[in-house]
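Notes for the one structure printed next.
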Amino acid sequence: MPENAVGFAFQAEISNTGSLVHLLTGRALKALSDGGVDFYSVAAAVTLGKSFVVRDSLGNTVRSHIMSKGGIQSVLSKALSIGWGHSGLAIEMTSTRAGVNALLLIGALATGSTSYQAAEYFADLLALRGCEADKLPNTDVLKQMIGYLSPFVHDLGFSKVLAHITTTAIRAIRIDDPHDTKTEAYATRHGGASDIAGAINQLMLTSQKGEDIYMITRAMGAWLCAFGSHILGMSVELRLDDRIIWASAGTKGTAIFELGDYGADDSVQSSSGIMLVDVSDPENQTSTIITHPIGEIFDSLMARDPRIDDTIREAIYQAICLISLSMSSVFVVEYTQFHSVRINSKFKAYEALKETLRAFGFKEDRVDSITPIALNHTPNSNIASTLRKGARRLYSFIICDKHSPGVCPEEMGRCLRGYIDRVVFGISLIVTYLMQCRFNADQLEIREDILLEDQEYLGRGRAELMTLGYSQRRMISNIMLVTGNGDAEQLRLGLIEDFENWPSILGLSAGRNTICYTCVLRNDCYDMQGRFLSILPGRASLNGSLRSLLLETQKFPALSTLQAPSLTSLALGSTLMPHHAPSNANIYMDVSLTEKAMMFNFAFGPDRFHTQQLTIAHCIITILGGDILRCSHGDMAAFRVGSNQNLATVGFGCVTEERKRDTDLLELIAVRGNKLEQLLTVGVLSKQRKEYVFQAMSCLKCSIDEAERKRCKYVVMGG
């Protein structure tokens, strides 16, 4: 074994399960089984964790951080939850310092990489630390372990440090030369597994012995810098041609990383060693995956290029607001097509747009300056095109410093006009996706590589967005791609394509997030901004078993006859307000597992033996495309029954009854406060081709007047 190796018998350690008894508890073993995680790979990780030391102030927070993670349990199925209920294995690993070290190493390797890339680095690091070649866990099982464990420690700060160092390095490089792609690659591109593992191994040894190291980095310079500082607690300097561009204090040795040309100044000569981190195959290396909190990504992208001054920044602000408005105007329409995603124009979609822009850190005055005029037009209007042209004119004064004015076909990342175009259209497109979701801005991150680089897939989506709208599949998978980790693209290409012809997808769950229709979790399944989707932290699990794809199993069958809820006839002069009436009908959601998916089946009825099945996707499309009356009186205004009005209130489940009814009776379905019941009621009425008025954005009087004018037989109380 070389002198700089750890010096322990790795295989003997990994085989000694007595030292891993804390991983043999029932909770940990069940988590291993549910997550498909190989015990040997976890044992190897914990054994590796014994051979290095992480920063004390970081390691001491891991257990409490993981244990504080919660989740949401579905109100319709106690077995279904979204969150971190599968944390048993991670919690047991935090029982020892070695397990904590392993978790932080796994989290760091997964940050900026796909799980497969991280697994390759991990395998090579195991080999360097003493694991014999024939005893190494294979890459596939390491990939599964890393994908399962890394989300638990992702938000402990490493990703933010990496993003900050990357932004700082790129800005410093562009100050010297805006077109220096070579040096930028030294900071951001991946390297060969053996090269990066060797650099990590060296940093572990140097920090453990409190020594100094000088590294000339030609790959992952920013990542290695963040690892040495944030994980190992070293004193770190990142240099560009001997000029310090980023530094942090530390007590566990010193590491200097040089992105530029090597120069042997006094600090280098005093270092105990000089190491070159090179790349054997630079042409085939991808860039590290950088994510930013949603509220910081705009500022980070602006800070990268020193040519962007306050005037240009203000023009970009305005352009994003206008183009977001133009794109969203295509979604906000008076009608909808089945399996296409639209926002009903009667919802307050303009407020959703402004709320999403605020989540990106846009200031109130800029957001409030947007006029909602485009949100009242259909896709056939040319106003969206006019707004986009107007937005581009806002920064037309910028002189392209690499190509002729207005002609920037090549090297779009180097051309200032091209870079701004990509930022403006990338953020605007993501705003259009996210305005259709409810999310906590403090828990959401955006991938900059998708925003700036991956326009091939999202660009096709943009063209589709400007014509007939998105399918459920395209919308949900795009949101996962933008907000997910490095494995999101593989999920989209794999699982989504496998179920391309499936009638309805209710959600995706991978990495750190789950994107799903809110109706699978709670009764508050949409809001008045027209948002039916939610982005939630954690994974979807059924009794602890994880799946990435959430599908609905049933098509809408023929409606059966159920027992009718009782009517309450209203007398002349009585006063009524929107309310919720008791009903004998309940909503049931059955969830089951297949090899690749979680399958959902919705039904309602008085009990599980007498139910009516229905398709929730149909109900969502119906309410998005249905007639929602609006008035200025407020949706809780009282209504007084007048003469010649034959009205009755009735509870949820009335629309499949067998009942003799007055031909002129107007039934007021009292489901206010339970949006899931509203959703199902509207869907069933639509399936039965029964006319109705949905009283969600208007007063009860105006809704009744409208129903009588249209000779409808039902008013559905909303809100």
Taking H as built 1.01 Å from N, whose amide H comes closer than 5 Å to the amide H of residue 245, not counting residues under 5 places away? 238, 239, 240
Accessible surface ranking that places the most exposed of 180, 442, 134, 527 first, with a 1.4 angstrom probe: 442, 134, 180, 527
Which lysines, on any chain, are close to residue 30 with Cα under 20 Å apart, when same-chain ones fewer than 8 places away are left out? 69, 78, 143, 596
Classify the stretch 20-104 as rounded, prolate or oblate from the Cα gyration tensor: take a ≥ b ≥ c as the square roots of its eigenvalues, call it rounded if a/c is under 1.5, otherwise prolate when a/b beats b/c and oblate if not. oblate
Would you kindly derive the ³J(HN,Hα) couplings of the stretch 682-699 from the backbone phi angles with the Karplus curve 6.51 cos²θ - 1.76 cosθ + 1.60 (θ = phi - 60°), listing them in order in whole Hz, with x for Gly and Pro? 4, x, 5, 4, 5, 5, 7, 6, 9, 6, 8, 10, 9, 8, 10, 10, 9, 7
If Lys and Arg each add +1 and Asp and Glu each add -1, what is the summed charge of the other residues whose beta carbon sits under 11 Å from the beta carbon of residue 142? -3
In the stretch 139-262, what % of DSSP beta bridges are antiparallel (nearest 5)? 35 percent
Would you please give the FRET efficiency between residue 364 and residue 133, computed as 1/(1 + (r/R0)^6) with r the Cβ-Cβ distance and R0 = 56 Å, to the nearest 0.05? 0.40
Sort 702, 321 from largest to smallest accessible area, using a 1.4 Å probe on the heavy atoms of the protein chains. 702, 321
Starting from the 7 Å offset along Cα-to-Cβ, what nm value, one decimal, do you get for the label separation of residue 524 and residue 709? 3.3 nm
What ranking do 226-232, 47-53 get when scored by the average of other Cβ atoms within 10 Å per residue, highest first? 226-232, 47-53
Going 7 Å from the Cα of residue 29 along its beta-carbon direction, which residues of the stretch 509-546 have the amide nitrogen within less than 11 Å of the resulting point? none
Can you give the extra length, in nm with one decimal, that the chain gains between residue 67 and residue 40 once fully stretched, where that is 0.36 nm per residue apart less the Cα-Cα distance? 7.3 nm
Length gain on complete extension for the stretch residue 607 to residue 665, per 0.36 nm per residue less the alpha carbon to alpha carbon distance? 18.1 nm
In Å, the C-alpha Rg and Dmax of the stretch 157-215 are 13.9, 40
Tally Lys and Arg at +1 and Asp and Glu at -1 over the other residues with C-beta under 12 Å from the C-beta of residue 260: what net charge comes out? -4
Spin-label point model (7 Å from Cα, Cβ direction): what's the residue 441 to residue 171 distance in nm? 2.1 nm
What length, rounded to one decimal in nm, is gained on full extension from residue 579 through to residue 261, with 0.36 nm per residue of separation minus their alpha-carbon distance? 107.2 nm
Using θ = phi - 60° and the Karplus form 6.51 cos²θ - 1.76 cosθ + 1.60, what ³J(HN,Hα) does each residue of the stretch 130-136 get, whole Hz, x for Gly and Pro? x, 7, 5, 4, 7, 10, 5
For labels at residue 314 and residue 97 in the simple 7 Å Cα→Cβ model, what's the distance in nm? 5.6 nm
Burial-style ranking of 104-112, 621-629, average other-beta-carbon count within 10 Å with highest first, yields 104-112, 621-629
I'd like to compare 283-293, 214-224: which one has the highest average count of other Cβ atoms within 10 Å, and what's the full order after that? 214-224, 283-293
Which lysines, if any, have their Cα less than 28 Å from the Cα of residue 713, not counting same-chain residues under 8 positions apart? 346, 348, 555, 660, 675, 687, 690, 701
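The values are calculated or read from the model by the stated rules, or taken from the named source; none is laboratory data. Predicted model, so just to flag it, every value in this text is computed and none were measured. FYI the Cβ positions are ideal-geometry reconstructions off the backbone, even for glycines, and counts take in every protein chain you see. Remember, those area values only see protein heavy atoms, side chains included, never the ligands or the DNA or RNA. Shrake-Rupley method; radii C 1.70, N 1.55, O 1.52, S 1.80 Å.
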